[in-house]
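Worksheet: the structure to be examined is printed underneath.
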Amino acid sequence: MPPPRRRGLLAGSIVALAVAAVAAPVVIVLRSDGSAPPPAAAVTPSSTPSPTPYAASSPRPGDPPEIELAWVSERLTEQLHGMNDAMHAGDLARFVAPAADKSVRGELERRFRSLRAMRVSGFELRIVRGPALVRTVAGRPEWGATVALYHCFVVRGCTPEKVEIDMAWQDTPAGYRVKRISSVTLTKHTPQPWEATTLVTAIGSRAMVAAPAAYAARARAFLPAAERAAKTADRYVLGPKPDRYIVYLAGPAEWKKWFGGGQVDWAAGIALPVTTNRSDIVLRADVISSADAEQVMKHEMGHVATLAGRDYRLISDARWWLTEGIAEYIQWDGRTLRAYDRASAVRRFIREKRYTGELDELGPGAKTPDWQVAAQYGLGFNATRCIADQFGHAKLMAFTDGVLRGGRAPADEAATSLGVPWPQVTKRCLTYTRDAVGA
């Protein structure tokens, strides 16, 4: 979401991820009514069948390598099943028991506390690649494996999302102990906030707001706005409806570390893919006021509704105008064009830049002046609103689906969804935009 709207609000929609490691304070789990849910309701057990009895033989000197590999695989699988059971039961001690040292214990504890606070459901750790011998340290082998972490949040009987982490174990006299655990490796964006920070949550019927403990009050205050924004975004969903819209509130340190950091200076909110099917939101708690929160979240939830699981930065610049235009359209949600608060920037851009309707050339960069960023978002909005007004809302959504989710160029999709050639659309919408802003 772009800059500034009211009282100097900055906002942006980018996709990124980052690394952070902080202490693990006591978790506060907040409901929309401010009460804490019963611990037993925090996790829904996975539907995965109980493990079959272990059959591998303990390796002896002279045994072929596959005997040892089978044994190791069974021991690690057995350990992961124990961690799954511990998460379901809310048993922190059992979940962190495999840790080899204090550092790894802290990593596991942070994940456990945050996932429990977010009412993780369908939780399961399962080896998907490996194990394989990594190295030998002081005569003791270390084994590595890629582990799938299946999960969703709040909803019982959900279809879990999958992310992957890399883990390494050392064979010790006390058994196999976890030496290293990576951040999510499914994408280059790592790690997710629940990996990096112990979170508290406020949870409603359609949204969850999660934050570091220092922002517990802000999480609770933002939840009603998140619920209202979610109900708006739900009307525009392309594809499966999200179980919950997940909104993370970041302080200055978290904003620089979560989800990659490196956002453009004018950004105060991001919507990003966290699994192949789900996108989440991060907002700068120190920038966005309670008065602005609902509008910012409508925009970002608009990205979730139309782009869930798709990487914003993989969408070519030729489609930037629609990516942001449809999010602005959802945020504005049928309000009159006369009230649109970027009209003056759009008017200035058309006049000073001699803009002639080339939508595929829009897309601000990190150093683009704020007024031009606002103008380009406004041009995307007006073009999107133009398509809705000229061809109908249903055709706009079909066009958006074909372009943003189907990967088709606007010029190719126009004939299918709108029934007219693309040059005719851009010509009509330039006139529409000029009339709307008085240019």
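The values are calculated or read from the model by the stated rules, or taken from the named source; none is laboratory data. All values derive from a computational prediction rather than experimental measurement. Glycine gets a Cβ as well: all are built from the backbone with ideal geometry, and neighbour counts include every protein chain shown.
Here are some notes:
- Residues (out of contact with any Phe, Trp or Tyr (no Cβ under 8 Å at 6 or more places or on another chain) and either free of Cβ contacts under 8 Å to residues at least 24 places away in the same chain or on the phi > 0 side of the Ramachandran plot (or both)) located in the stretch 255-296: Phe259, Gly260, Gly262
- The set of residues in the stretch 127-160 that are farther than 30 Å from Gly204 by Cα and charged (D, E, K, R) comprises Arg129, Arg135, Arg140, Glu142.
- Boolean, Arg347 is surrounded by fewer than 24 Cβ atoms within 10 Å (Cβ to Cβ) and assigned to a loop (DSSP other than H, G, I, E, B): no
- Checked against (1) without any contact (Cβ under 8 Å) to a residue 40 or more places away in the chain; (2) surrounded by 21 or more Cβ atoms within 10 Å (Cβ to Cβ); (3) aliphatic (A, V, I, L, M); (4) in a helix (DSSP H, G or I), Met87 meets all criteria but (1).
- Options Arg105, Arg126, Arg116, Arg110; residue that is at pLDDT 95 or above, surrounded by 15 or more Cβ atoms within 10 Å (Cβ to Cβ), of a type in the set (Lys, Arg) and touching an Asp or Glu at 6+ places or on another chain (Cβ under 8 Å): Arg110
- Among the candidates Asp401, Asp389, Asp412, residue that is under 23 Å from Thr336 (Cα atoms) and among the acidic types (Asp, Glu): Asp389
- Test: residue in the stretch 204-215 that is modelled with pLDDT of 95 or more, over 16 Å from the mean Cα position of the chain (by Cα) and among the β-branched types (Val, Ile, Thr): no
- Test for Ala214: is it in contact (Cβ under 8 Å) with a residue 12 or more places away in the chain, within 30 Å of Asp286 (Cβ to Cβ) and touching a Gly at 6+ places or on another chain (Cβ under 7 Å): yes
- Any hit, the stretch 343-359, residues being touching a Pro at 6+ places or on another chain (Cβ under 8 Å), closer than 25 Å to Arg235 by Cα and of a type outside the set (Ser, Thr, Tyr): no
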